[in-house]
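Structure record follows, encoded as structure tokens.
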Amino acid sequence: MLALRGRLTSALSGRVLAPQACASFATGPRQNDGTFYEFRTYYLKSSKMNEFLENIKKHVHLRTAHSELVGYWSVDFGGRMNTVFHIWKYDNFAHRTAVRKALAEDKEWQEQFLLPNLPLIDKQENEITYLVPWCKIGKPPKEGVYELVTFQMKPGGPALWGDAFKRTINAHVNLDYAKLIGVFHTEYGALNRVHVLWWNENADSRAAGRHKSHEDPRVVAAVRESVNYLETQQNMLLIPTSFSPLK
């Protein structure tokens with residue numbers, strides 16, 4: 001018996017076990033560099049929307065002196081009223097830390113930008129997101145409106161649903177009724193969440209394009225595949241502010 005056990009132990013010790021495939025519960029692959037995008041949503045107190053936006057417009061240069069503003073919008077449809085949504089770009093987490101430290105030491109920003117606006121805000125939320133590897137930030141052809149579509153996917157990350165999701169997005173892109181601005185997946189916030197930002201000329205052109213997509217067999221086939229990995233989805237129609245880089 002001891003001899004048998006010794007031979008078995010020897011055989012197993014020389015055996016290399018194959019790695020087991022597993023689906024990551026993180027949000028998955030990202031761009032090769034450390035660039036990320038912070039999504040910020042501010043829910044404003046009733047009747048304070050105009051005052052808040054006027055303050056931001058007047059003093060936004062104090063904030064953009066420290067880091068890049070990608071876009072700034074008010075929510076028109078699909079979300080809580082009196083809400084603004086904005087996206088900030090950072091090179092990496094060390095960059096964001098340095099920016100937050102600089103802002104804490106910037107008395108002009110605090111006195112003219114921060115302190116006057118804090119009493120107007122009811123609630124704040126943020127998410128840290130990465131662009132998916134197959135997407136770059138798009139540029140709209142002219143001024144328009146934006147649709148932010150948020151997909152809560154099943155746990156497993158892009159290793160599970162990434163290819164099907166990409167095919168769905170590309171099927172919509174190929175119809176050319178809307179301009180894809182960016183596809184982002186969440187690193188901090190609700191995991192397995194993907195945000196897709198679209199530009200449309202106006203809300204009516206968006207509605208017409210969606211009707212067209214519902215009748216396109218390529219879109220229908222792609223959606224039927226990716227919906228197997230979908231838990232929930234929601235969207236918002238966003239109106240760019242006058243000081244938003246993305247118009």
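When only residues in the range 183-192 that are surrounded by 19 or more Cβ atoms within 10 Å (Cβ to Cβ) and touching a residue at least 60 places away in the same chain (Cβ under 8 Å) count, which is farthest from Trp88 (Cα to Cα)?
Result: Asn192.
Tally time: how many residues in the range 220-247 are of a type in the set (Ser, Thr, Tyr) and modelled with pLDDT of 95 or more?
4
Scan the range 142-154 residue by residue and report those that are over 13 Å from Pro245 (Cα atoms), out of contact with any helix residue (DSSP H, G or I) (no Cβ under 7 Å at 6 or more places or on another chain) and surrounded by fewer than 22 Cβ atoms within 10 Å (Cβ to Cβ).
Selection gives Val149, Thr150, Gln152.
Suppose we filter the range 71-112 for residues that are farther than 13 Å from Leu148 by Cα and in contact with a strand residue (DSSP E or B) (Cβ under 8 Å, 6 or more places away or on another chain); how many remain?
Qualifying residue count for the region: 11.
Residues that are more than 29 Å from Pro155 (Cβ to Cβ) and either open to solvent by 60 Å² or more (accessible area, probe 1.4 Å) or at pLDDT below 95 (or both): which strands (runs of 3 or more DSSP E) entirely in the range 25-106 hold 1 or more of them?
Once the strands (runs of 3 or more DSSP E) in the range 25-106 are filtered for at least 1 residues that are more than 29 Å from Pro155 (Cβ to Cβ) and either open to solvent by 60 Å² or more (accessible area, probe 1.4 Å) or at pLDDT below 95 (or both), what remains is 68-77.
Check off (1) touching a Lys or Arg at 6+ places or on another chain (Cβ under 8 Å); (2) closer than 30 Å to Glu225 by Cβ; (3) among the polar types (S, T, N, Q) for Asn170 and give me the number that stays unchecked.
(1)
Of all residues being of a type in the set (Asp, Glu) and within 21 Å of Phe165 (Cβ to Cβ) in the range 201-238, which is surrounded by the fewest Cβ atoms within 10 Å (Cβ to Cβ)? Just the residue, please.
Checked the range 201-238; the qualifying residue surrounded by the fewest Cβ atoms within 10 Å (Cβ to Cβ) is Glu231.
Which residues, taken from the range 107-141, are in a loop (DSSP other than H, G, I, E, B), open to solvent by 80 Å² or more (accessible area, probe 1.4 Å) and out of contact with any helix residue (DSSP H, G or I) (no Cβ under 8 Å at 6 or more places or on another chain)? Can you show your working first?
Taking the range 107-141 as the starting set, the residues that turn out to be in a loop (DSSP other than H, G, I, E, B) are 132-141.
Next, from what is left, pick out any that are open to solvent by 80 Å² or more (accessible area, probe 1.4 Å): 134, 136, 139, 141.
Residues satisfying the conditions are Lys136, Lys139, Pro141.
The values are calculated or read from the model by the stated rules, or taken from the named source; none is laboratory data. It should be emphasised that the depicted structure is a prediction, and the values quoted were computed from it without experimental measurement. No Cβ is skipped: glycine too gets one built from the backbone with ideal geometry, and neighbour counts run over all protein chains shown. The accessibility values were calculated without ligands, DNA or RNA, using every heavy atom of the protein model including side chains. Shrake-Rupley method; radii C 1.70, N 1.55, O 1.52, S 1.80 Å.
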